[in-house]
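> What follows is a structure written as structure tokens; I'll ask about it next.
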Amino acid sequence: MQTLIRALGRMVHGTTWLYTTWWKWFCATLLLYVVIGSFMVPLSPGISKIEPLSFSPDTIYTFKVSTYHTHFNSAAAGKTQFWFKVGNDYFKAKSIEVIGADKLEVKFGVGSLQQDSLKSTSFDVVCNDDIDGTFALREGTTLLKTAKADSTSNIVAISETPQVTHNKHQFLAFPYREILYETIRNTFFHVPMWFAMTMLVMFSLLASILFLIKGDFRFDTYAHQAIIVALLFGVCGYTTGMVWSKYTWFIGLSWWKAIEIMVFQETKLRGALISIIAYLIYLVLRWILSLKAMNIQKRDRAIISAAYNIFAIIIFMWYIFIMPRLHDSLHPGNGGNPAFSKYDLDSTLRMFFYPACIGWIMLGFWIYSILVRMQLIKQKQE
Amino acid sequence: MAKYFLTFISLFLSTFIFAQAETAENSNNFMVSNHKVFVAVAVLTIILVLIFTFLFSIERRLKQLESRQKS
């Protein structure tokens, strides 16, 4: 136990890492890579729109399909294929005309005799070519059933087993997700803010505990400065989250309505706000205790704030890590298992996500090191 | 401090202007256009603005320290 405390103390107390520069260069490189790289990589192909949204049986319709980041025109794309999918049945389109690199005109019709054999009336649309792989739009168009089946009609949709060369797109790209679209890049900016905040808060907790054990005032300074930087990252995380959610989850709602949901309803957002306030109280507490009128000794002030820091970490852990897993939340991986599953992050996202996390955490400790060095100079002057 | 605060507030004012017509993905809304790429840009901008604002505030405090050391 003694050796553990001594080792932890050396880690927090060791000021050499505050002054070394190599890891700051490393941090700058990582962040440059993340910022530039993440905006260079395109989204993977996807179907953004199909019209008409509904169709009746016994008529051949011409569907106008708009896609995103596809290469129908290029020579390597090969033959473009298009299916209307219900359940596990793939109905081949009657004809496919390539209008542009991201535009198709597809002819398709369903017979009224077969409308009752379909598992559902909503059709997913699936597209494939050799460069872009297979991509789809769920519930792209809906069949309006007719009451009376026309037996004279000879229009029948034929189901087939799809034959494709590539299922995956043949270039480096982030996954195309409905609602998210290009904002999927915020994974590298919004999420690591909270990781950086968590790391700094943990560091501060460690320093506070070490202060209570050892009574060295430098640990008190470390804890205080780490909380200031943690709050900076917390505020960054919260404001970026507000903007991101406004244009994804709360699209169509007014700002006031969206903020109302963020503050009062959504478990994780509410928790994040409460934990930020909890650490703001830490700073306010320190400030109040340092007032001359309070007439409190320096040692007492440090002990009270260290004790409050331990109390605040419980609030932080409870609202950031426990509550969102107990309740349903809009955040991915909540109301169940945490994120990092294969559905939340694919390999291209990981390529940038892990460097982003390390980079932003390091940036946090970099700013922290500057603050601590300033405090050390200030204390030397006093 | 008030200067930074106003800068921060004015950052959000722009989003209120865009908050008028937003119903579908393909609306004329600037933030939603181009498959919402400007939301990602806005998020990165907010982070950079906040961090740089903080760094400038540190810079100011550091200047005070330095001036005290000289005298």
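> From the square roots a ≥ b ≥ c of the eigenvalues of the alpha-carbon gyration tensor of segment A:227-359, which class results: rounded (a/c under 1.5), prolate (a/b over b/c), or oblate? Show your work: numbers first, answer last.
Details: a/c = 2.31, a/b = 1.81, b/c = 1.28.
Taking the square roots of the gyration eigenvalues as a ≥ b ≥ c, segment A:227-359 is prolate.
> Also: Where the convex hull is taken over the Cα atoms of chain A, what is its projected area averaged over directions, in nm²?
For chain A, averaging the hull's shadow over all directions gives 25.6 nm².
> Let me have the relative contact order for chain A, percent, based on Cα pairs under 8 Å that are six or more residues apart.
Computed over chain A, the figure is 18 percent.
> Go through A:Lys49/A:Lys257; A:Lys49/A:Lys92; A:Lys85/A:Lys246; A:Lys24/A:Lys246; A:Lys49/A:Lys119 and tell me which ones have a Cα-Cα distance over 26 Å in this structure.
A:Lys49/A:Lys257; A:Lys85/A:Lys246; A:Lys24/A:Lys246
> While we're here: Give me a comma-separated list of calculated 3J(HN,Hα) values for segment A:204-219, in order, Karplus coefficients 6.51, -1.76, 1.60 applied at θ = phi - 60°, integers in Hz, x for any Gly or Pro.
Whole-Hz 3J(HN,Hα) from phi for segment A:204-219: 5, 4, 4, 5, 5, 4, 5, 5, 5, 6, 9, x, 8, 5, 4, 5.
> Below 11 angstrom from the Cβ of A:Trp244, what's the summed charge of the other residues (Lys, Arg +1; Asp, Glu -1)? List each step's numbers first, then the result.
Details: positive: A:Arg185, A:Lys246, B:Lys36; negative: none.
Local charge sum for A:Trp244: +3.
> When ranked by the protection proxy of mean other Cβ atoms within 10 Å per residue, highest first, what sequence do the peptides A:163-169, A:1-7 form?
Result, highest mean Cβ count within 10 Å first: A:163-169, A:1-7.
> Another question about this same structure. Residue by residue through A:239-248, how many Cβ atoms from other chains fall within 10 Å of the Cβ on average?
That average works out to 6.
> Once amide H atoms are built 1.01 Å from N in the peptide plane, which residues 5 or more positions from B:Met31, or in another chain, come under 5 Å H to H?
Counting only residues 5 or more places away or on other chains, the set is empty.
> For segment A:46-160, what percent of Cα pairs sit more than 16 Å apart?
Every Cα pair in segment A:46-160 considered, those over 16 Å come to 56 percent.
> Roughly how many debye, to the nearest 20, is the charge dipole of chain A about its Cα centre, given +1 on each Lys and Arg Cβ, -1 on each Asp and Glu Cβ, and no other charges?
With only Lys, Arg, Asp and Glu charged at Cβ, the dipole is about 1780 debye.
> Hey, can you rank A:254-262, A:203-211 by average C-beta count inside 10 Å, highest first?
Top to bottom by mean Cβ count within 10 Å: A:203-211, A:254-262.
> If amide H atoms are built 1.01 Å from N in the plane of the peptide, which residues on other chains or at least 5 residues away come under 5 Å of the amide H of A:Tyr61?
Hits under the 5 Å cutoff: A:Phe108, A:Gly109.
> For segment A:28-38, take each phi angle, set θ = phi - 60°, evaluate the Karplus expression 6.51 cos²θ - 1.76 cosθ + 1.60, and give the result in whole Hz per residue in order, putting x for glycine and proline.
4, 4, 4, 5, 4, 4, 5, 5, 5, x, 5
> Give me the angle, in degrees from 0 to 90, between the Cα long axis of helix A:347-381 and the longest principal axis of the Cα atoms of chain A, rounded to the nearest 10.
Helix A:347-381 sits at roughly 20 degrees to that axis.
> Cross-link candidates for A:Lys292: which lysines have Cα within less than 30 Å, leaving aside residues fewer than 8 places away along the same chain?
A:Lys214, A:Lys378, A:Lys380, B:Lys3, B:Lys63, B:Lys70
> Using modelled backbone amide H atoms (1.01 Å from N, in-plane), which distant-in-sequence or interchain residues come within less than 5 Å of A:Gly133's amide H?
Those lying under 5 Å, H to H, from A:Gly133 are A:Gln170.
> Another question, if that's okay. Using θ = phi - 60° and the Karplus curve 6.51 cos²θ - 1.76 cosθ + 1.60, what whole-Hz ³J(HN,Hα) does each residue of segment A:242-249 get, with Gly and Pro shown as x?
Listing the rounded values in order: 4, 5, 4, 5, 4, 9, 10, 5 Hz.
Computed from the coordinates by the stated procedures, all read-outs in this text should not be read as laboratory data. Quantities reported herein were computed from a predicted structural model and do not represent experimental measurements. Neighbour counts run over all protein chains shown; Cβ positions are idealised from the backbone, glycine included.
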